[in-house]
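A.B. asks: My questions all concern the structure below.
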2 protein chains.
Amino acid sequence: MTGTSPDYAAHLRDVGLRPTRQRVALARVLFGSGHRHVTAESLHAEVKATRIPVALATVYNTLNQFRDAGLLREVVVAPGRSYFDTNTGHHHHFFVEDDGELHDFPSDKVTIEGLPSPPKGTRLSRVDVVVRVRR
Amino acid sequence: MTGTSPDYAAHLRDVGLRPTRQRVALARVLFGSGHRHVTAESLHAEVKATRIPVALATVYNTLNQFRDAGLLREVVVAPGRSYFDTNTGHHHHFFVEDDGELHDFPSDKVTIEGLPSPPKGTRLSRVDVVVRVRR
DNA sequence: CAAGTACTTTAGAATAATTCCAAAGATGAA
DNA sequence: TTCATCTTTGGAATTATTCTAAAGTACTTG
């Protein structure tokens, strides 16, 4: 061990969420090790393995809350296929169409120029770039 | 009238699809007037109004076939929300998050630079840019 | 143009992802 | 503690989409 484990409870309180047993368990899995892309199902399977029982509905609730709180970013790549990305910083995605894999790539080097201004009465929320590739 | 109506049957044959009554009816609605964004449901409702009965399953089949044939482009903007765009040329989208509206914008002026090369063993399929805005 | 074969359509069942619900349980303020 | 509020839960409900098997239609060949 090189450090103490993060205080997920405090972190959750900071964003206005009660640090319940299942939210902390999910946060630990999500944020415990590098950036991840998860689906509700995959996260549910993972957290079950930690012996803390969490219902699938709770996983959905929590992912939505974490996203709303800015802890996660949702990426929709195909009908019925939505990922939650623990990397909320500026970056874009590769999507491998054949197998549904998603990979981040940094937006440092990427510049987008010439975007028209948002339609009247709207303000920019985010720019998503998905680079689709095939094997 | 300033011109004859396009020969949808021939057009469908060209891409390897039999020009059935329902495919022609759907093509007419889709391609008869400027570029459109439709969902399976909205297209189904529209074509029903033309008095040519088409089952919802057929609308789904046909949209998928048209997309595979390159006649349509599918745009996924939110979980469970997928649009089919009759504009298959290079362009990008505005997505108004509040009401689910989708608008095209030309990619003429837009330049994207610094994209990393596709992961090993993959080739570029397409780059999707979705500019998300809120009211 | 008659026939046969292959392709399509159809209604409804099936599936998949996600949300809703009402009841039971946990949390935090006083 | 105690209570009001927020959460979790399992299962039902919903939504979007695909599947299925039977009935119908389009193209080919003779």
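A.B. asks: Output the number of the condition that A:H91 fails; it satisfies all remaining conditions of (1) away from DNA strand C (no atom under 15 Å from the Cβ); (2) within 14 Å of chain B (Cβ to nearest Cβ); (3) open to solvent by 60 Å² or more (accessible area, probe 1.4 Å).
C.D. replies: (3)
A.B. asks: List every residue pair whose Cβ atoms sit under 6 Å apart, with the two residues 6 or more apart in sequence or on different chains, where the first one lies in segment B:53-68 and is more than 14 Å from every other protein chain (Cβ to nearest Cβ) and the second, anywhere, is more than 10 Å from DNA strand C (Cβ to nearest atom) and assigned to a helix (DSSP H, G or I).
C.D. replies: Pairs that qualify, where the first residue is more than 14 Å from every other protein chain (Cβ to nearest Cβ) and the partner is more than 10 Å from DNA strand C (Cβ to nearest atom) and assigned to a helix (DSSP H, G or I), are B:V59/B:A40; B:V59/B:L43.
A.B. asks: Ok, one more. Would you say A:E74 is farther than 24 Å from B:P119 by Cβ, away from DNA strand D (no atom under 15 Å from the Cβ) and within 11 Å of chain B (Cβ to nearest Cβ)? Lay out the reasoning, then the answer.
C.D. replies: Numbers: farther than 24 Å from B:P119 by Cβ: no; away from DNA strand D (no atom under 15 Å from the Cβ): yes; within 11 Å of chain B (Cβ to nearest Cβ): yes.
So A:E74 does not fit the description; no.
A.B. asks: Related question: Select from segment A:116-135 the residues that are open to solvent by 60 Å² or more (accessible area, probe 1.4 Å) and within 7 Å of chain B (Cβ to nearest Cβ) and list them in ascending order. Can you show your working first?
C.D. replies: Just the residues of segment A:116-135 that are open to solvent by 60 Å² or more (accessible area, probe 1.4 Å), to begin with: A:117, A:120-121, A:123-124, A:126, A:134-135.
Of everything in segment A:116-135, those that are open to solvent by 60 Å² or more (accessible area, probe 1.4 Å) and within 7 Å of chain B (Cβ to nearest Cβ) turn out to be A:G121, A:R123, A:L124, A:R126, A:R134, A:R135.
A.B. asks: Look through segment A:14-36, keep the residues that are of a type outside the set (G, A, S) and within 21 Å of A:H91 (Cα to Cα), and return whichever of them is surrounded by the fewest Cβ atoms within 10 Å (Cβ to Cβ). Show your work before the answer.
C.D. replies: Narrowing segment A:14-36 to residues of a type outside the set (G, A, S): A:14-15, A:17-24, A:26, A:28-31, A:35-36.
So of that shortlist, the ones also within 21 Å of A:H91 (Cα to Cα) come out as A:30-31, A:35-36.
Numbers: A:L30: 22, A:F31: 17, A:H35: 13, A:R36: 18.
Top of the filtered list is A:H35.
A.B. asks: Moving on to the next point. Out of all the residues in segment A:16-36, which are part of a loop (DSSP other than H, G, I, E, B), more than 10 Å from DNA strand C (Cβ to nearest atom) and either under 18 Å from A:T58 (Cα atoms) or in contact with a helix residue (DSSP H, G or I) (Cβ under 7 Å, 6 or more places away or on another chain) (or both)? Steps first, please.
C.D. replies: Within segment A:16-36, the subset part of a loop (DSSP other than H, G, I, E, B) is A:16-20, A:32-36.
Next, from what is left, pick out any that are more than 10 Å from DNA strand C (Cβ to nearest atom): A:16, A:32-36.
Selection gives A:G16, A:R36.
A.B. asks: Do we find a residue being loosely packed, with under 14 Cβ neighbours inside 10 Å and closer than 26 Å to B:E101 by Cβ anywhere in segment A:104-115? Quick ask: steps written out before the conclusion?
C.D. replies: So the first thing to find is which residues in segment A:104-115 are loosely packed, with under 14 Cβ neighbours inside 10 Å, and the list is A:106, A:108-109, A:111, A:113-114.
Filter once more, so that each one left must be closer than 26 Å to B:E101 by Cβ: A:113-114.
There is at least one residue in segment A:104-115 that is loosely packed, with under 14 Cβ neighbours inside 10 Å and closer than 26 Å to B:E101 by Cβ.
A.B. asks: Exactly one condition in (1) modelled with pLDDT under 95; (2) open to solvent by 60 Å² or more (accessible area, probe 1.4 Å) is false for B:S82; which is it?
C.D. replies: Unmet for B:S82, out of (1) modelled with pLDDT under 95; (2) open to solvent by 60 Å² or more (accessible area, probe 1.4 Å): (2).
A.B. asks: Given the condition at pLDDT below 95 and among the hydrophobic types (A, V, I, L, M, F, W, C), answer yes or no: does some residue in segment B:49-69 qualify?
C.D. replies: There is at least one residue in segment B:49-69 that is at pLDDT below 95 and among the hydrophobic types (A, V, I, L, M, F, W, C).
A.B. asks: Could you list all residues from segment B:37-67 that are away from DNA strand D (no atom under 11 Å from the Cβ) and either open to solvent by 50 Å² or more (accessible area, probe 1.4 Å) or in a helix (DSSP H, G or I) (or both)?
C.D. replies: Within segment B:37-67, the subset away from DNA strand D (no atom under 11 Å from the Cβ) is B:37, B:45-52, B:54, B:66.
Those that are away from DNA strand D (no atom under 11 Å from the Cβ) and either open to solvent by 50 Å² or more (accessible area, probe 1.4 Å) or in a helix (DSSP H, G or I) (or both): B:H37, B:A45, B:E46, B:V47, B:K48, B:A49, B:T50, B:R51, B:F66.
A.B. asks: Then there's this: So in segment A:68-79, with the set limited to residues that are more than 11 Å from DNA strand C (Cβ to nearest atom) and among the small types (G, A, S), which one is surrounded by the most Cβ atoms within 10 Å (Cβ to Cβ)?
C.D. replies: Among those residues, the one meeting the criterion is A:A69.
The values are calculated or read from the model by the stated rules, or taken from the named source; none is laboratory data. These numbers were taken from a predicted model, which means no experiment stands behind them. Neighbour counts run over all protein chains shown; Cβ positions are idealised from the backbone, glycine included. For the accessible areas, the whole protein counts, side chains as well, though only heavy atoms, and no ligand, DNA or RNA atoms are used. Shrake-Rupley method; radii C 1.70, N 1.55, O 1.52, S 1.80 Å.
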